[in-house]
Amino acid sequence: MANVLITGGAGFIGSHTCLVLLEAGHQLVALDNFATSSPESLRRVLAIAPPAAKARLRVLEGDIRDPLALDQAFSLGGGRFDAVIHFAGLKSVDQSVREPLSYWDVNVAGSRNLLSAMIKHHCHTLVFSSSATVYGHPHHIPIAESAPVQPINPYGHTKAAVEQMLADLASTVIENQAVAPSAERPPWRIARLRYFNPVGAHPSGRIGEDPLGPPSNLFPFVSQVALGQRPALRIFGADWPTPDGTGIRDYIHVMDLAEGHLAALEALWNGPAQMLTLNLGRGRGYSVLEVVKAFEQASGRSVPFQFVARRPGDAPWSVADPSEAGRQLGWWARRDLEEMCRDGWAWQRSHPQGYRSVG
Ligand code: NAD
Ligand code: UD1
């Protein structure tokens, strides 16, 4: 059983990962300031988790930018964590263009603060939430981890900056180790996980994605149209160089992603000092029109749409080469588009107002 700090544990991916980790027998402290989430998600996690797991999750309200909150989290974890999974951050591309300093503050300064606390408390194992957004406009599909990192918006710049911070940390230690292994500079075990497009929900329909305000991502928007909360989907561009003219993305079920975190945690925990950089995607792309059709089938509802101009900054294709994660972690995404739509719909229909809904 690993003792793990999960920052941002109440969020969309964090809550599903907490559940998967509890089911696997690990012990967790979830630290979250609930800036973009609700504490209700973790209450639901406890309700779904096996009874014996309930005592293994503690929740602390606090901000990763606050060193005292981090010290408190470490004390709650008994003074020492075996690993940290770091989800906490801001993730809206649009908002990052309007408020870049908030993104540098939370995503970069917050991560730096967390790393300082980890060093202070002798924890050197970290799984970090990066994003396929670091690839910007990829030149080659499928995208391998060796593709250039060239983000095209402030959100992407902050993810690339934290990736670089982690690489600097890891390489400093490795050089020192080669010269003189030292107890003061223990080796880092780091996984930089680049997610493609996480969607869907836990199959119970009790936890899921709860965006603040109008969603900018395709899946939550389509769900709200199917539910009648929005009149129609606007499809950004019908003239992309793709088979049906709409954008293609590599959607991955959030439960597969959560299991990817479990695999990464266990690989690092049992493994040598190393820094892994891994795409977490399915390696299969779907167009916007294919998603609309699959969602209509899963929900039995129609999803009216209209074509509008391309969204600035969009790329036509984004599909992962996920083979390195398969090799390093023995993990592959298993759930298909039908399952993503079915589970996403089960959550949306029972929670039209997200966690503010009753039930
Ligand atoms: P989310 O917004 O649902 O979760 C982020 C969590 O971090 C929330 O619970 C929020 O309250 C918390 N948080 C924010 N600022 C904090 C702070 N200063 N201190 C403590 N907690 C704070 O987002 P998500 O989709 O679960 O994403 C999790 C991580 O994965 C993020 O780092 C995001 O950038 C990254 N990511 C997400 C996607 C995606 O499409 N969902 C894709 C690639 C990468
Ligand atoms: C967006 C972010 C990316 C982030 C990812 C996952 C941008 C430019 N990029 O990527 O940084 O990592 O989310 O959170 O915002 N679409 C529509 N109508 C809509 C919404 C989307 O047609 O209302 C289309 C898009 O043009 C795209 C596809 O659906 O072709 C998927 O869009 P989205 O869910 O926003 O994900 P990304 O564009 O991959």
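For the stretch 308-355, enumerate the residues that are closer than 28 Å to PRO148 by Cβ and within 16 Å of ligand 1 (Cβ to nearest atom). Listed by number, the residues that qualify are ARG311, GLY313, ASP314, ALA315, SER318, VAL319, ALA320, PRO322, ALA325, ALA333.
Could you please give the count of residues in the stretch 16-48 that are in a loop (DSSP other than H, G, I, E, B) and over 18 Å from LEU257 (Cβ atoms)?
Here is the first cut: in the stretch 16-48, the residues in a loop (DSSP other than H, G, I, E, B) are 24-26, 33-39.
So of that shortlist, the ones also over 18 Å from LEU257 (Cβ atoms) come out as 25, 33-35, 38-39.
So the count comes out to 6.
Selection over the stretch 222-245 of residues that are assigned to a strand (DSSP E or B) and either of a type outside the set (A, V, I, L, M, F, W, C) or open to solvent by 50 Å² or more (accessible area, probe 1.4 Å) (or both) gives a count of 2. Restricting attention to the stretch 200-222, the residues being more than 10 Å from ligand 1 (Cβ to nearest atom) and in contact with a Gly (Cβ under 6 Å, 6 or more places away or on another chain) number 2. The single condition among (1) at pLDDT 95 or above; (2) of a type in the set (D, E, K, R); (3) more than 19 Å from HIS121 (Cα to Cα) that ASP71 does not satisfy is (3). Taking the criterion of being more than 11 Å from ligand 1 (Cβ to nearest atom) and surrounded by 22 or more Cβ atoms within 10 Å (Cβ to Cβ), the only residue of the stretch 84-106 that qualifies is VAL84.
Could you list, in sequence order, the residues of the stretch 1-23 that are more than 6 Å from ligand 1 (Cβ to nearest atom) and of a type in the set (Gly, Ala, Ser)? Within the stretch 1-23, ALA2, GLY9, SER15 qualify. Note down all Cβ pairs under 8 Å where the first residue falls in the stretch 190-206 and is farther than 21 Å from ARG349 by Cα and touching a residue at least 12 places away in the same chain (Cβ under 8 Å), the second is among the aromatic types (Phe, Trp, Tyr) and more than 9 Å from ligand 2 (Cβ to nearest atom), and they're at least six residues apart or on different chains. Partner pairs satisfying both residue conditions: ILE190/PHE128; ALA191/PHE128; ARG192/PHE128; LEU193/PHE128; ARG194/TYR135.
The values are calculated or read from the model by the stated rules, or taken from the named source; none is laboratory data. These figures come from a predicted structure and were not determined experimentally. Positions of Cβ are backbone-derived with ideal geometry, glycine not excepted, and every protein chain shown enters the neighbour counts. Note: areas computed on protein heavy atoms with side chains; ligands, DNA, RNA excluded. Shrake-Rupley method; radii C 1.70, N 1.55, O 1.52, S 1.80 Å.
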